[in-house]
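As structure tokens, the structure follows; a few thoughts come after it.
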Amino acid sequence: MSANSIDSLQHEGRHFPPSDSFVSTAVASPDLYDQANRDRLGFWADRSRELLHWHTPFTEVLDWSDAPFARWFADGELNVAYNCLDRHVLAGNGDRVAINWEGEPGDSRTLTYSELTAEVKRAANLLIKLGIGTGDTVAIYLPNVPEAVIAMLAVVRIGAIHSVVFGGFSAESLRSRIDDAQAKLVITADGGWRKGKVSPLKPAVDGALALDKGTPLSVEHVLVLKRGDNDIDWVEGRDLWWHDEIETVGSEHEAVGFPAETPLFILYTSGTTGKPKGIIHTTGGYLTQVTFTHKNVFDLNPEKDVYWCSADVGWITGHSYTVYGPLSNGATSVLYEGTPDSPHPGRWFEIIEKYGVSIFYTAPTAIRSFMKVGRQVPDAFDLSSIRLLGSVGEPINPEAWMWYREVVGAGTAPIVDTWWQTETGAIMVSALPGITSLKPGSAQVALPGISISVLDETGVAVEPGSGGLLAITEPWPSMLRGIWGDPERFVETYWSKFRDAFDTPVYFAGDGARLDADGDLWLLGRVDDVMNVSGHRLSTAEIESALVSHPIVAESAVVGAADEATGQAVVAFVVLRSEHAGDQTVDEASVLLRGHVTEQIGAIARPRQVFIVEELPKTRSGKIMRRLLQDVAEGRAIGDTTTLADASVMQLIADRYKK
Ligand code: PRX
């Protein structure tokens, strides 16, 4: 999105103040802002005490003396699984449904808080039996099934660390994550259901573990859930069936408290270099902010609401708002295994009707794909249970916002557009329903207790009406605590941009933003070499290095091109090695390389197009001018080429690929 398009949207001036009836019952109250403004740390301490069970209460809120390495609630002890499970059962809510699970083929399963607690206790005992202890890492590579949630909670219950890898990632990607975190155990399934068929997972684990990386393998066991019933290979001694093993352990397990800075999970995300970053989150601060935001941003009434976040547990949205937020709040959730359009385009709406979903949280890419098939699809279902809608992952264009409200929200449901990141752990910028007057397309304001500024390159706050860089100027409870194994990269990537302008480290989010005259934020997309495809972050460098790992490729440049369905799409420009240039047609090379990226990273990174070119446009200092390639990818006239070493290179590319 260009700054101009944002500008013109703002002039529409549509506002949707909350209805009186919503205001009268809203969970969030305006005094949250007042309290947080008066005493930010006191505000978070109060939220943490009120929302969580502490085995040992904390006395200290924030230790920022080793900034940017933060410690929140550090002398307190808690157990995340106890907060998500046992305490609800002890409070008499054991019969409340925790998870309404729906498999893609139409099978379903309901787990109450008592049942889920029992399953997690058993799984925790199994982990202990397999030699997993405090501080060990466990890789989880599962479909969106209850066992994914059970596995995550079992790991954290015993003070171990999970690293969930999205099932769409390839064997290569899985292996690099296993190695980086030195995972001792991999929990996977034979396969899971996706788009009407079984998509194999265990074979990818086998492939990952068989890769010769020249280093000893950290994995001792592979625990396999039976789900897809697909044929799989078996390594005796290493591989174990979940259903066999779980029978061998007891059902009692007492949750003990762990210090609040105990690592909870590692989640890998893309950055500006080819190597994914293992983002570290810890327990006390993370659970505080996730629980608070889940309750207040989604106006949650756990006794009544049925909440559904469509994100896969393999992404941060799945961690924070499919698993930890809802369970910590004692909510009833829906968990769905498959894709939105399988076996029919109304599948998600059918699920909303079936479970009476009242709060629905999804990504703009899904909303746009529903707009494309037309409102007759959702109109065929009873969506009257919906009372609040959420959006996350990328800017939601006002047209999609209006459609979402009109068609899914019956023209009345408030929409919360939530800005946050893997690194922030929880929502940072959003309207609060019942308080904020909504503005389609704007993520609006920082939540209470969160300090956001839009800064220019030198760190000076921009005037209302101007654009700049989104920065977080004060530490927040669910902030990342580091990059696994790489503290320098953590400091350099997130805390160095405004080093000279402030006395204390300021976090640079990598996003451009614009502040309007009312002080509302409009997100403008990434300002670094990271693109956003279907709400998922991909790094240009990572895809480029996947491409050049193929023997026929000499050089490559990847850009994110605007795409109606996915927000941005991966478009690759590739120079072939001269000795291979004639080996196949341009079309064949393109098919080959798209497949290669899928193998190396996963289908999410597969380029929409691969353009074979003779040379890449470079400046005299050798820097690839991606801006010009983006012009070609988006079918525009080519911009200023005067700084190119050889302007004819760009002319050749443009002539060949002009739309
Ligand atoms: O560019 C922003 C975009 O997604 C990035 C974070 O990606 P990830 O860590 O994968 O987490 C996605 C889900 C939290 C951000 O830097 N982004 C996320 N939410 C929004 C958004 N852009 C605009 N509006 C949003 N609501």
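The values are calculated or read from the model by the stated rules, or taken from the named source; none is laboratory data. Nothing here was measured: the structure is a model prediction, and the numbers come from that model. Glycine also receives a Cβ, built like all others from the backbone with ideal geometry; neighbour counts cover every protein chain displayed.
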*Would a scan of the stretch 233-240 turn up a residue that is out of contact with any Asp or Glu (no Cβ under 7 Å at 6 or more places or on another chain), assigned to a loop (DSSP other than H, G, I, E, B) and among the charged types (D, E, K, R)?*
yes
*Has the stretch 212-224 got any residue that is among the polar types (S, T, N, Q) and under 27 Å from I427 (Cβ atoms)?*
no
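Among the residues of the stretch 593-623, count how many are part of a strand (DSSP E or B) and of a type outside the set (S, T, Y). Spell out the reasoning first.
Initial filter on the stretch 593-623 (part of a strand (DSSP E or B)): 602, 609-613, 618-619.
Checking which are of a type outside the set (S, T, Y) leaves us with 602, 609-613, 618.
Adding up the residues that qualify gives 7.
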_Single match in V574, V613, V570 (criterion: modelled with pLDDT of 95 or more, aliphatic (A, V, I, L, M), crowded, with 17+ Cβ neighbours inside 10 Å and away from the ligand (no atom under 16 Å from the Cβ))_ = V574
*So how many residues does the stretch 346-393 have that are within 19 Å of the chain's Cα centre (by Cα) and on the phi > 0 side of the Ramachandran plot?*
1
_Just checking, does the stretch 571-592 include any residue being in a helix (DSSP H, G or I) and of a type in the set (S, T, N, Q)?_
yes
_When the residues of the stretch 462-483 are narrowed to those that are assigned to a strand (DSSP E or B) and of a type outside the set (G, A, S), which ends up nearest to D63 (Cα to Cα)?_
I472
*Residue check, F502 against (1) part of a strand (DSSP E or B); (2) of a type in the set (F, W, Y); (3) more than 11 Å from the ligand (Cβ to nearest atom), all met but one. Which one?*
(1)
*Hand me the list of helices (runs of 4 or more DSSP H) wholly inside the stretch 24-114 holding 2 or more residues that are basic (K, R) and farther than 30 Å from G196 by Cβ.*
40-51
*In the stretch 531-541, is there at least one residue being of a type in the set (D, E, K, R) and more than 12 Å from the ligand (Cβ to nearest atom)?*
no
*One residue from G250, G285, G237 being touching a residue at least 40 places away in the same chain (Cβ under 8 Å), surrounded by fewer than 14 Cβ atoms within 10 Å (Cβ to Cβ) and more than 16 Å from the ligand (Cβ to nearest atom)*: G250
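Of everything in the stretch 418-435, what is within 16 Å of L521 (Cα to Cα), assigned to a loop (DSSP other than H, G, I, E, B) and within 14 Å of the ligand (Cβ to nearest atom)? Give them in sequence order.
Within the stretch 418-435, W420, Q421, I427, M428, S430, A431 meet the criteria.
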*Please go through the stretch 505-519 and pick out each residue that is under 19 Å from E474 (Cα atoms), more than 12 Å from the ligand (Cβ to nearest atom) and not β-branched (V, I, T).*
P505, L515, G519
*Going through the stretch 323-367 one residue at a time, which ones are within 12 Å of the ligand (Cβ to nearest atom) and out of contact with any helix residue (DSSP H, G or I) (no Cβ under 7 Å at 6 or more places or on another chain)?*
T362, A363, T365
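Checking the structure you have, find out if any residue of the stretch 372-395 is within 16 Å of the ligand (Cβ to nearest atom), surrounded by fewer than 20 Cβ atoms within 10 Å (Cβ to Cβ) and either part of a loop (DSSP other than H, G, I, E, B) or among the β-branched types (V, I, T) (or both).
No, the stretch 372-395 contains no residue that is within 16 Å of the ligand (Cβ to nearest atom), surrounded by fewer than 20 Cβ atoms within 10 Å (Cβ to Cβ) and either part of a loop (DSSP other than H, G, I, E, B) or among the β-branched types (V, I, T) (or both).
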*May I ask you to say which residue of A36, A67, A124 is in contact with a Leu (Cβ under 9 Å, 6 or more places away or on another chain) and surrounded by fewer than 24 Cβ atoms within 10 Å (Cβ to Cβ)?*
A36
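Just to check your reading of the model, which residue among S176, S163, S218 is assigned to a loop (DSSP other than H, G, I, E, B) and touching a residue at least 40 places away in the same chain (Cβ under 8 Å)?
Selected residue: S218, the only one of S176, S163, S218 that is assigned to a loop (DSSP other than H, G, I, E, B) and touching a residue at least 40 places away in the same chain (Cβ under 8 Å).
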_Need pairs with beta-carbon distance below 8 Å; first residue away from the ligand (no atom under 13 Å from the Cβ) and within the stretch 295-318, second at pLDDT below 95 and acidic (D, E); sequence gap 6+ or separate chains._
none
*asked:* For the condition of a type outside the set (G, A, S), modelled with pLDDT of 95 or more and at positive phi, what is the one hit in D312, D299, D231?
replied: D299
*Any residue in the stretch 396-417 that is within 11 Å of the ligand (Cβ to nearest atom) and of a type in the set (G, A, S)?*
no
_Number of the condition not met by V297 [criteria: (1) within 20 Å of L153 (Cβ to Cβ); (2) crowded, with 24+ Cβ neighbours inside 10 Å; (3) touching a Pro at 6+ places or on another chain (Cβ under 9 Å)]_ = (1)
